[in-house]
1. Which of the residues that make up segment A:1-28 are charged (D, E, K, R) and open to solvent by 60 Å² or more (accessible area, probe 1.4 Å)?
2. Test A:Glu115 against the stated conditions and say whether it is more than 11 Å from RNA strand B (Cβ to nearest atom), part of a strand (DSSP E or B) and open to solvent by 90 Å² or more (accessible area, probe 1.4 Å).
3. For A:Ile363, only one of the following conditions fails: (1) more than 9 Å from RNA strand B (Cβ to nearest atom); (2) touching a residue at least 40 places away in the same chain (Cβ under 8 Å); (3) surrounded by 17 or more Cβ atoms within 10 Å (Cβ to Cβ). What is its number?
4. Pairs, please: C-beta under 6 Å, at least 6 apart or cross-chain, first residue open to solvent by 80 Å² or more (accessible area, probe 1.4 Å) and in segment A:443-456, second β-branched (Val, Ile, Thr) and within 15 Å of RNA strand B (Cβ to nearest atom)?
5. Output yes when any residue across segment A:322-338 is of a type outside the set (D, E, K, R), in a helix (DSSP H, G or I), within 12 Å of RNA strand B (Cβ to nearest atom) and in the same structural domain as A:Arg378 (by TED's automatic domain parsing), and no when none is.
6. Test each condition in (1) more than 9 Å from RNA strand B (Cβ to nearest atom); (2) of a type in the set (Val, Ile, Thr); (3) surrounded by 19 or more Cβ atoms within 10 Å (Cβ to Cβ); (4) more than 31 Å from the chain's Cα centre (by Cα) for A:Thr423 and report the one that comes out false.
7. So which residues in segment A:29-59 are small (Gly, Ala, Ser), open to solvent by less than 30 Å² (accessible area, probe 1.4 Å) and modelled with pLDDT under 90?
8. Criterion first (more than 7 Å from RNA strand B (Cβ to nearest atom) and outside any helix (DSSP H, G or I)) does A:Val373 satisfy it?
Amino acid sequence: MAKDLTTRKENYSQWYNNLVVKADLAEQSAVRGCMVIKPYGYAIWEFMQDALDKMFKATGHVNAYFPLFIPKSFFGREADHVEGFAKECAVVTHHRLMNDPNGGGVVVDPDAKLEEELIVRPTSETIIWDTYRNWIKSYRDLPILCNQWANVVRWEMRTRLFLRTAEFLWQEGHTAHADREEAVAEARRMLDVYTEFAEKWLAIPVYRGVKSANERFAGALDTYCIEALMQDGKALQAGTSHFLGQNFAKAFDVKFLNKENKLEHVWATSWGVSTRLMGALIMSHSDDDGLVLPPKIAPIQVVIVPIYKNDEERTITCQRGAELKQQLEAAGLRVKLDDRDNQKPGYKFHEWELKGVPVRLVIGPRDVKEGTVEVARRDLMSKEVMAYEGLVAKVTELMQAIQDNIYQKALNFRNDNTFEVDTWDAFKEQIEKGGIVHAFWDGTTETELKIKEETKATLRFIPLDVKEENGTDVYSGKPAKMRVYFAKAY
RNA sequence: CGGGAUGUAGCGCAGCCCGGUAGCGCGCUUCGUUCGGGACGAAGAGGCCGCAAGUUCGAAUCUUGUCAUCCCGACCA
C-alpha cells in the first residue's frame with residue numbers, strides 16, 4: 001500500500017480525495033468549490049480532449065466558441081430550463097471596482113451597475129440558440145453541427161474534486177436539424193461516440209440508456225446517458241446526449257423555410273462530457289497503491305528507472321535508458337527517463353505507481369551486462385526480466401494488453417455488481433450493499449420518487465431498446481412492462 | 001441549506017484545560033556516505049499561531065464576534 005494513502009476499504013471517499021491530491025492531479029484552490037487542475041491531471045484531460053475532438057470531427061462536427069456571459073433575460077425563455085438551473089447561477093451585476101473613499105480597500109463601484117445582469121453560463125443552450133436564429137433561414141442552412149470546449153459554472157452546495165466543482169471544463173455540442181428523426185439520430189450517434197470513448201479509451205464499461213422524465217435534462221424531451229459503476233458500488237453518469245425537440249427553437253424563435261416553402265421550427269440536440277470523467281477514470285481503475293491509468297490516456301506510458309552505485313554505473317545505465325527511451329519514442333510511446341539523482345529507486349517506484357504509469361522499466365548494471373531489462377506492470381503489480389533485444393515490440397504489445405486487462409477487470413466488476421431483483425426486500429437489501437439493481441418499474445414518476453425517498457437509489461436509466469415484458473413493479477406491486485436500472489449515484 | 005469538525009512553518013500535527021513570548025515529524029538548503037522496493041549522518045533556512053475586538057503587566061492559550069475551509073446529509077454533470 002502506498003504511504004499515507006487512505007485505503008478504499010478504510011474510507012472510500014477519503015481515498016479518492018487523497019489520491020487526487022497525492023497523484024498531483026488537482027488541488028483545492030483559494031476559491032470555494034473551485035479546483036486547480038495540476039499539470040499531470042491536465043495532461044490526462046488533454047488526452048481525453050484530443051481523442052474526443054477527433055471523434056467529433058470524424059462525425060462531421062466543427063468547433064466554435066460562444067460567450068461566457070448570458071443575458072439574464074435569455075434564461076426566462078424556456079421554462080423548464082430556467083427552473084433547472086436557477087438555483088445554481090453565478091450572476092454578474094457590476095463592471096467596475098474602485099478604492100473605497102473611506103479606506104476600506106477595493107470595493108464594487110455602485111455607479112457601475114449593469115443595466116441587465118449577466119449569468120455566467122451553467123450551459124450554453126440559450127446563448128447558442130439566440131445566435132442560431134441569425135444563422136438559420138433555410139433548410140439549406142441545416143444541419144448545424146457545432147461543438148465548443150469551454151468552462152461552465154454551477155454554484156453547487158457541496159463540491160468534490162473533479163466529480164462536482166463549481167467551475168468545470170467540458171465540451172458541449174449543440175446541433176440544429178430540419179426534422180425530428182435527424183435530431184434523434186444525432187443524439188443517439190453522439191451517445192455511441194461517448195460509449196466508444198469511455199470503453200476504448202478510458203477502459204470504463206458503460207451502460208447506455210435513456211433517463212426517466214424525472215431525471216431528464218432541463219428543457220429536453222429525451223436524455224440519453226452512459227452510466228458507469230464505481231468501485232464503491234455507486235453509479236456515475238459519465239455523459240449525456242439530449243434530444244431537445246423544438247423547445248429551444250420555439251423559445252428563441254428559430255425557424256427555417258423547408259423544401260415546400262413552409263416555415264418550421266428547428267429541431268435540436270445538445271450533448272456533453274466534462275472533467276467529471278477524470279473522477280470516473282480514477283474511481284474505476286485505481287487501487288490502494290494509487291492511480292491505474294489506461295495506456296491510451298496515460299501522460300507517461302513508460303517510465304525508465306536506472307539503478308546505480310557510483311558515477312560510472314550511473315553513466316552506463318542512464319545511457320542505456322536514454323537509448324531505450326529514444327527507441328520507444330520512435331515507436332510512438334510516451335516515455336520518461338527518471339534520472340533524478342536525489343531519490344533512491346524504491347522512492348521512484350512508489351511515486352510512479354502512485355501516478356499510475358502503466359509500465360516501468362528498470363535498468364541496472366547487471367541488466368546492461370546481460371542484455372536484459374526488468375519490466376513491471378502497474379495493473380498487475382507484477383514484474384519480469386526480459387531481453388533488451390526486441391523490447392520495443394514487447395512493450396508496445398503490453399500497452400494493448402494492459403488497456404484490455406483494465407477494461408476487462410472493470411467489466412467483470414460491473415457485471416458482478418449488477419443484480420436482478422424481484423422483491424422489495426431484496427431491492428432494499430441490494431441497494432444498501434451497493435451496485436446496480438435491475439428491476440421491474442411501473443413507469444410512474446410517483447413510484448420512482450418513493451423509491452428514491454426510501455432507499456436513496458435513483459432510476460439511473462431505461463435501457464435503449466428495452467424489451468417489453470410483463471411483471472410487477474418492485475415497489476408499488478402494480479403491473480409493469482419493463483425492467484430498468486436503479487442505483488445510488490454520484 | 002441542516003449536522004459535525006478544523007484553522008499554529010510548504011504538508012501533517014502537538015501545545016490551549018492550568019496565560020509567561022512556539023515545538024515535533026515529513027519536506028526544503030548545503031556537505032558527506034548511500035542507491036535492484038519509500039536511505040543515513042551533520043549543519044542550516046523557514047511561523048506577527050485565520051482575522052478583529054476585549055480581559056490582563058503579559059494572550060497561540062481566556063471571552064466575544066467574524067471569516068474561511070473540510071467532512072456527512074438534502075440538491076445537482
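1. A:Lys3, A:Asp4, A:Arg8, A:Lys9, A:Glu10, A:Lys22, A:Glu27
2. Values: more than 11 Å from RNA strand B (Cβ to nearest atom): yes; part of a strand (DSSP E or B): yes; open to solvent by 90 Å² or more (accessible area, probe 1.4 Å): yes.
For A:Glu115, the condition - more than 11 Å from RNA strand B (Cβ to nearest atom), part of a strand (DSSP E or B) and open to solvent by 90 Å² or more (accessible area, probe 1.4 Å) - is met.
3. Going through the list (1) more than 9 Å from RNA strand B (Cβ to nearest atom); (2) touching a residue at least 40 places away in the same chain (Cβ under 8 Å); (3) surrounded by 17 or more Cβ atoms within 10 Å (Cβ to Cβ), A:Ile363 breaks only (1).
4. A:Lys452/A:Thr458
5. no
6. (3)
7. Once the filter is applied, which keeps residues that are small (Gly, Ala, Ser), open to solvent by less than 30 Å² (accessible area, probe 1.4 Å) and modelled with pLDDT under 90, segment A:29-59 yields only A:Gly33.
8. So A:Val373 fits the description; yes.
The values are calculated or read from the model by the stated rules, or taken from the named source; none is laboratory data. Please read these numbers as outputs of a predicted model, since none were measured by experiment. When we count neighbours, we look across all protein chains shown, and the Cβ atoms used for this are built from the backbone with ideal geometry, even at glycine. In case anyone asks, the SASA skips ligands and DNA or RNA and just uses the protein heavy atoms, side chains included. Shrake-Rupley method; radii C 1.70, N 1.55, O 1.52, S 1.80 Å.
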